[in-house]
């Protein structure tokens, strides 16, 4: 009996232990499943955290782009979009109570009697006299009317044979009918404005000639092509002039040629500008320019590092830096960039004041003080950069700090040499015509058209800088006489 009882207890114990083992195994399996779930959840949380940070950074980047305008970047004012208005409709001017037209105290630009009489005496304008009333006495009152007379003229050229009965026809009269220098000069001048197509130029000139000229789109292109060809020697002379200048500003703007990205690069100073057609802004493309290979002065530009392989010295545009500093202040809230912008503006004011006194550089102690404050603010900027919140803004700020530190000599060169401008605005102004042409008239269909435009612009814009008559001097080039020299 006892043996059976012990055996029964033993069997029950074994049964309980077996059930416990099964439960333990089941719990172990569930625990392992939970571990896998926790691991999967942790992995998912890590992935979501990384994605969230990436989205935050991208959001900061996009907000930075949305806040870009002409005041804090190199974007042109035409791209400004404020108050929900589309591009080119935003008007940032403040309304005034002033009446339309010229304001009291403003110097007018109306021609005066003395100016009209000076033009007559110079022979630049045809002088005609028309009377009102009977000129019986000696007393009269003079009034002047300035006008432009446009009328078609056909000049008959009679070429006589020499003593041997032979005719010597000049090359320009090989065709029975050719166009004169006035029409050609007007066509080239209109083309240089960059906002009229060749067929519209032809239509305009035909209308001005009472429909008697018979010009075609091909005629206009032919005039421009010939002008570009005869301008070659004049352009070489202009480049030789620039080679002797201490400072030359340069910039480049994008244009399209047959749908592909190309560039127009200019080299400018106060009275000369030369344009070049380029495929790219690379070092290899720049090496193809004879002017750059030979130039031994100071190149002023907006931080094109490829240009540092040319010239003997370089100056950087500080207006661009002022925009970048403003953008950094807006994005990071750090104070160093605002203080640096104030310092650069103060330097420029001091430079202008000393230039007005006939000086060519600041005093050594002033330069040392300015440079000390400059580097002190850069140090402050590096310290503030460590706590900048958004990674994108932090990286951009770090890049700006490194650039201003590495190229400090180039940014502050205007303090040491007053012949170096504070900015590269002269070059940018000279490129504005090319930008307008790309925007309004489109690009070029061929490389030859791209190059022709640069040749024409070199002559026309240099004439404007030197305040020389455009039509008169373009006519000279067509007739084989140097226009500028």
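Each value in this text was obtained by applying a stated rule to the coordinates, not by laboratory testing. None of these values were measured; they are calculated from a predicted model. Here the Cβ is made from the backbone with ideal geometry for all residues, glycine too, and neighbour counts use every protein chain on show.
Per-structure values
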| item | result |
| --- | --- |
| Value of Rg to Rh for region 354-409 (Rh from inverse mean 1/r over Cα pairs, i.e. Kirkwood) | 1.18 |
| Degrees separating the helix 336-356 axis from the principal Cα axis of the chain, which is the longest one | 20 |
| Calculated P(r) tail over 13 Å for region 390-449, as whole % of Cα pairs | 76 |
| Taking 375, 227, 204 and counting other C-beta atoms within 10 Å, the order from fewest to most | 375, 204, 227 |
| Burial order of peptide ranges 364-370, 37-43, 468-474 (average beta-carbon count within 10 Å, highest first) | 468-474, 364-370, 37-43 |
| Principal axis dimensions, region 347-485 - Cα atoms, whole angstrom, descending | 65, 44, 20 |
| Sorted largest first, extent of region 123-220 alpha carbons per principal axis (Å) | 59, 50, 23 |
| Relative packing of 265-275, 441-451, 116-126, which averages over residues the other C-beta atoms within 10 Å, highest first | 265-275, 441-451, 116-126 |
| Helical mean residue ellipticity (222 nm; -39500 (n - 2.57) per DSSP H run of 4+; nearest 500) of the chain | -17500 deg cm²/dmol |
| Relative exposure of 290, 176, judged by other C-beta atoms within 10 Å (fewest first) | 176, 290 |
| D_trans [Stokes-Einstein, Kirkwood Rh over alpha-carbon pairs] for the chain, 4 °C, 1.567 mPa s, µm² s⁻¹ | 44 |
| Within the chain, percent of DSSP bridges classed antiparallel, to nearest 5 | 65 |
| Beta bridges per DSSP with both ends in region 265-410, % antiparallel, nearest 5 | 50 |
| Along each principal axis, Cα extent of region 296-361, largest first, Å | 42, 37, 12 |
| Neighbour-count order for 251, 338, 46, fewest beta carbons within 10 angstrom listed first | 46, 338, 251 |
| Cα gyration tensor shape for region 408-485, rounded if a/c is under 1.5, else prolate or oblate | oblate |
| Rule-of-thumb Rg ratio for region 318-423 [Cα; 2.2 N^0.38 Å; N residues] | 1.11 |
| Cβ-Cβ FRET estimate between residue 56 and residue 368, R0 fixed at 41 Å, reported to 0.05 | 0.40 |
